[in-house]
Amino acid sequence: MLKVDIIEQCKQNNRKAQLQLYNQYCNGMYIVANRFLKNANDAEDVVQEAFIKAFSKLHQYKAEVTFGAWLKRIVVNKSIDFLKSKKQKLVALDEVHLKVVDADNDDKWLVDDAITLNDVKRAIDNLPDKYQYVVMLYLIEGYDHQEISEILNITEVASRTQLFRGKAKLQELLTLKKNGTRY
């Protein structure tokens, strides 16, 4: 069955099609939620709520983006809402979720080769929430400033500013101090 057919059947409340769509995307959406949340049960709950919302709002899906991207945005929004409601910090990154990005030599994301993954995790955990959310959405989830502004309900200028300040703060936190010690 084609994805378009499955989505159309889901719009008509076909439970088998909904289950098929759920099975296709649930693991990937769980990984996304788990990047933001510290608790596996919370991530499962958020994913369930996201699917409920997605199925109830499926008539709003216009296929301008892939269904997976549309669903991912719902999962990210639900994860952030959950974090805000619980006032919890973002979860540390798993090594498998980091990716190398080509950068110009003057890019502020470049850090010393001696910096470890744990140093990056600690630095991101130490960012203020407003920077942490933007940095996570930009670096890890790959959203652009327009998307981040919609997700966090801020302006694009605020997104750019918070990312710039978050970069600067990360750079500061990751800078090696005297004799190679940090902090």
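Report, in listed order, any pair from Lys62/Lys86; Lys16/Lys84; Lys53/Lys84; Lys72/Lys169 with a Cα-Cα distance greater than 23 Å.
Beyond 23 Å: Lys62/Lys86; Lys16/Lys84; Lys72/Lys169.
Among 8-14, 66-72, what's the highest-first ranking by average C-beta atoms within 10 angstrom per residue?
Sorting 8-14, 66-72 by mean packing, highest first, produces 66-72, 8-14.
Computed from the coordinates by the stated procedures, all read-outs in this text should not be read as laboratory data. Note that this is a predicted model, so its numbers are computed, not measured. Because the Cβ atoms are built from the backbone with ideal geometry, glycine has one as well, and the counts that use them run over all protein chains shown.
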